[in-house]
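Notes follow once the structure below has been shown.
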Amino acid sequence: MKSPIAVVVLAAGAGTRMKSALPKVLHPLAGWPMVRHVLENAARLEPARIVGVVAPGANQVAAAFAPHPTVVQRKPRGTADAAKAALPALQGHRGPVLVVFADAPLITTASLQRLVEACRKAKAAVGVLGFTARDPTPYGRLIVHDGMLERIVESKDTDESERAVDFCNSGVMCIDGALIGSLLGAIGNKNVKNEFYLTDAVAAARAAGHVAIAVAGEEAEFQGINSRAELAVAEKALQQRLRSAAFEMGVSMADPDTVWLAADTKFAADVTIGPNVRFGTGVSVASGTEIKAFCDIEGARIGRDVIIGPFARIRPGSDVADQVHIGNFVELKATRMGRGAKANHLAYLGDSDIGAASNIGAGTIAVNYDGYGKWRTVIGAEAFVGSNSSLVAPIRIGRGANVTAGSVVTEDVPAGAVAFGRARQQTKKGRAAALRAKLKSRAAEAKRTGKK
């Protein structure tokens with residue numbers, strides 16, 4: 001039986017180059033804080049425990065780890081010291097311990113799994129994920145001989161032969177849980193910064209006669225984020241990964257580079273997405289649905305064979321049933337659209353329940369807010385709401401009812417009824433020419449005097 005894994009996530013870095021009041025590891029990528037990507041990828045390994053290491057007072061960061069526990073690195077004394085702070089939370093754990101960084105959100109579960117399995121196979125005390133760098137200059141070098149990792153050399157400390165090495169340290173490490181305490185305890189701080197470096201765990205393992213290995217991964221996975229520019233590069237890389245996954249699920253995108261996905265966007269097969277569409281978090285889309293250009297969807301469930309857009313916005317809390325049509329410049333907020341309902345143009349439906357096969361005309365507004373509270377509009381099945389109608393909530397419109405165009409409806413409409421909520425039209429025959437002359441004269445006078 002395999003020993004369970006533990007994961008230590010180091011999140012105590014300051015991240016001052018972000019120029020932000022928001023802690024670095026909480027900056028979003030594909031809708032999630034970057035630390036959540038690390039946690040989700042680690043959780044797929046089904047570890048026995050995940051422990052976060054945070055800086056003093058980093059309450060927001062600690063909250064982002066929930067339900068996983070966190071410990072505090074009291075002083076910023078290096079990565080080995082940060083890992084050491086997690087030891088009390090690892091009490092009794094004897095299996096592999098993965099040490100990862102909260103600001104490296106592109107690491108994949110597959111790479112972490114390969115590192116753990118390689119360490120198990122080699123019976124290694126320490127394993128390190130490495131990569132072949134296009135430009136190795138800023139990275140520590142992994143010095144490997146006869147398949148064994150001999151040491152990690154920081155870039156500034158390399159000699160001429162070591163500088164020629166392009167196999168570099170990602171920072172991700174797997175340490176034998178039975179040895180982690182002794183190995184971290186053996187690391188000293190005799191360096192310029194007087195800090196305890198986790199990379200020295202390799203030398204400590206070798207000095208104690210243990211095996212250390214390096215496992216190769218892809219450079220793109222190990223991009224750390226320390227600035228807004230690096231955050232943007234990571235977002236681009238993550239979006240490419242998410243789009244590729246969507247293609248594999250059977251999604252068609254006419255211009256994929258303009259489609260922006262959230263980390264948790266869920267698609268069924270045969271979904272079609274036009275250009276310039278953004279998905280926020282919490283969206284699922286069923287098969288056969290077409291989302292046309294320039295739509296924005298967040299926190300919503302979209303059913304089968306739905307047509308949305310172009311230029312539609314669906315906000316959180318909305319549920320769109322099968323065969324619904326949502327047209328251009330229609331906005332839904334916390335609204336349920338029943339099967340086959342239609343709102344084809346220029347409508348705001350907030351806090352509403354729209355019955356199956358109902359038709360909502362252009363310019364319709366669900367007047368859901370009175371300045372103090374939000375109220376619901378409930379429309380029964382097969383109802384018809386004419387164009388330019390205002391439905392003042394709370395209000396109910398019954399099954400098969402008809403609200404005439406231009407109405408302001410303030411009272412419930414029974415099933416099968418016709419509701420008029422507008423002023424009576426008055427027609428004055430032969431008066432159009434006189435009215436136009438009056439308006440023309442008024443405009444000319446305003447132009448002459450400059451008064452509007």
Taking the Kirkwood radius as the inverse of the mean 1/r across Cα pairs, report the Rg/Rh of region 138-255.
1.09
Could you give the size of the charge dipole of region 251-419 about its Cα centre, using +1 on the Cβ of each K and R and -1 on the Cβ of each D and E, expressed in debye and rounded to the nearest 20?
200 debye
Sorted largest first, extent of region 232-311 alpha carbons per principal axis (Å):
35, 25, 23
With a 10 Å Cβ neighbour count serving as the proxy for reagent exposure, in which order, fewest first, do ARG424, ARG141 appear?
ARG424, ARG141
Could you work out [θ]222 nm for the chain from helices alone, using -39500 (n - 2.57) per DSSP H run of at least four and dividing by all its residues? Round to the nearest 500 deg cm²/dmol.
-6000 deg cm²/dmol
For q = 0.24 Å⁻¹, Debye-computed log10 I/I(0) when each Cα of region 133-207 counts as one equal scatterer
-1.22
Rg over Rh of region 251-419, using C-alpha atoms and the Kirkwood radius, what does it come to?
1.00
Shape of region 367-452 from its Cα gyration tensor (a ≥ b ≥ c, root eigenvalues): rounded if a/c is under 1.5, otherwise prolate when a/b > b/c, or oblate?
oblate
Region 6-222, relative contact order in percent, only Cα pairs under 8 angstrom and at least six apart counted
24 percent
Rounded if a/c is under 1.5, else prolate if a/b beats b/c, else oblate: with a ≥ b ≥ c from the C-alpha gyration tensor eigenvalues square-rooted, which is region 6-222?
rounded
Highest first, please rank the peptides 309-318, 352-361 by the mean number of other Cβ atoms sitting within 10 Å of their residues.
352-361, 309-318
Nearest-5 percent of antiparallel DSSP beta bridges in region 6-222?
45 percent
How large is the dipole of region 1-74 about the Cα centre if only Lys and Arg carry +1 and Asp and Glu carry -1, each at its Cβ, rounded to the nearest 20 debye?
180 debye
By average C-beta atoms within 10 angstrom, highest first, the peptides 405-412, 172-179:
172-179, 405-412
Part-to-part distance (alpha-carbon centres) for region 123-180 and region 287-365, which is given in Å
53 Å
For region 341-390, what class follows from the C-alpha gyration tensor (a ≥ b ≥ c being the square roots of its eigenvalues): rounded when a/c is under 1.5, otherwise prolate if a/b is larger than b/c, else oblate?
oblate
So how tilted is helix 228-248 from the main axis of the chain? Cα-based, degrees 0 to 90, rounded to 10.
70 degrees
Quote the relative contact order of region 324-452 in percent (integer), defining contacts as alpha-carbon pairs under 8 Å separated by 6+ residues.
14 percent
Volume per residue, Å³, of the convex hull around the alpha-carbon atoms of the chain?
233 Å³
Taking Cα atoms, how many degrees apart are the long axis of helix 432-449 and the longest axis of the chain, rounded to 10 and kept between 0 and 90?
50 degrees
Report Rg/Rh for region 87-139, rounded to two decimals, where Rg is the Cα radius of gyration and Rh the Kirkwood radius.
1.02
How high is the relative contact order of the chain, given as a whole-number percent (alpha carbon pairs under 8 Å, six or more residues apart)?
8 percent
Total lysine pairs under 20 Å (Cα atoms) in region 6-222, excluding pairs fewer than 8 apart on one chain
8
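Taken together, the values in this text are just the output of simple stated rules run on the coordinates, not laboratory data. Just so you know, these numbers come straight off a predicted model, no measurement behind them. Note: ideal-geometry Cβ built from the backbone for every residue, glycine included; neighbour counts use all protein chains shown.
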